[in-house]
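The values are calculated or read from the model by the stated rules, or taken from the named source; none is laboratory data. Please read all numbers here as calculations on a predicted model, not as lab measurements. Here the Cβ is made from the backbone with ideal geometry for all residues, glycine too, and neighbour counts use every protein chain on show. Protein only, heavy atoms only, side chains kept; ligands, DNA and RNA dropped before computing areas. Shrake-Rupley method; radii C 1.70, N 1.55, O 1.52, S 1.80 Å.
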Amino acid sequence: MLRHSQLNIFCCLVSHMANESRPCPCDIGDRFDYGGRGHEVQVEHIKAYICKPPAGTDKAVIVIHDIFGWQLPNTRYMADMLAANGYIAICPDFFVGQEAWKLSNDWASFDDWLKTRNAGKIDKEVDVILKYLSGQCGAKKTGVIGFCWGGAAVQHLMLKNPHLKTGVSLYGVIRFFEERSSLLHPTFFIFAEKDDHIPLEQVTQLKQKLEQNCKVDYEVKIYPGQTHGFVHRKREDINPQDKPYIEEGRKDMINWLNKYL
């Protein structure tokens, strides 16, 4: 697993913790001052960040960003981590040029903002990226991971897209696709025990529906004491008590991908 010192990560910006008065299903947490080891590419109508491992591989992972967009340093750090573990990692701009959410935005406008950024309407872009990965990068097996908004998108893709092999949904917003649970591919769901935006009752209901309807391998795991965004938002050394769970979440993500890709 990559360490922050290896990636030359410096200070984090101040945490901006979410509260219940905000309709946003995310909080920014600690934002890395991190430039990334990969580079940006243009794939048809989509901009994307891509990072490749030192050795050649035919395995790829599509990284789906949260509401803060494809340029968030934290998300690029996770893509680089995947590359360091042997995967071609690509994080496309699934907002396709529309602005990502900013903390300076008026939270009262969030619902209207979200209406034009539907996590269930990314199929065209995913097909374009899959074509690019197979044609330009030599990928033969592709999985997907996503955070929050992107985690919900992972669930959508695992219900629909036949070309992906597996997915990891990290604190995906359950309410976006709560009535659907017949997954096509093995899927790992990561949740935080103290997530203000995803109540544990929703997680329990998701597990029940998966038990009833799902015919492929899946796992739903809740990480004790953690809050929304813990796997890709917090620096391990900010809160020492959280460090084991952050590392565990990342290791679990990699292990799941290793198993099914």
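For the pair Glu179/Val96, report the inter-label distance in nm, with labels modelled 7 Å from Cα in the Cβ direction.
2.5 nm
What are the residues whose amide H is under 5 Å from the amide H of Val220, where those residues sit 5 or more places off or on another chain and H is modelled from the backbone?
Phe189
Measure off, as a whole percent, the carbon and sulfur share of the 1.4 Å-probe accessible area of the stretch 203-261, all protein chains present.
It is 46 percent, rounded to a whole number.
Quick one: check the C-alpha center-to-center distance for the stretch 131-172 versus the stretch 77-100, whole angstrom.
11 Å
Please list 161-168, 212-219 highest first by mean number of surrounding beta-carbon atoms within 10 Å per residue.
Result, highest mean Cβ count within 10 Å first: 161-168, 212-219.
Let's test this: bin the Cα-Cα distances of the stretch 104-261 at 5 Å from zero up to the farthest pair and state each bin's percent.
2, 9, 17, 20, 20, 16, 11, 5, 1
Beta carbons within 10 angstrom, averaged per residue: use that to sort the peptides 222-228, 68-74, highest first.
So the order, starting with the most tightly packed, is 68-74, 222-228.
Going by average Cβ neighbours within 10 Å, how do the peptides 82-90, 115-123, 54-62 rank, with the highest at the top?
The most tightly packed comes first, giving 82-90, 54-62, 115-123.
What percentages make up the Cα-Cα pair-distance distribution of the stretch 159-252 when the bins are 10 Å wide from 0?
16, 47, 30, 8, 0
So how much slack lies between Glu211 and Gln71, counting 0.36 nm per residue of separation and subtracting their Cα-Cα distance, in nm?
46.8 nm
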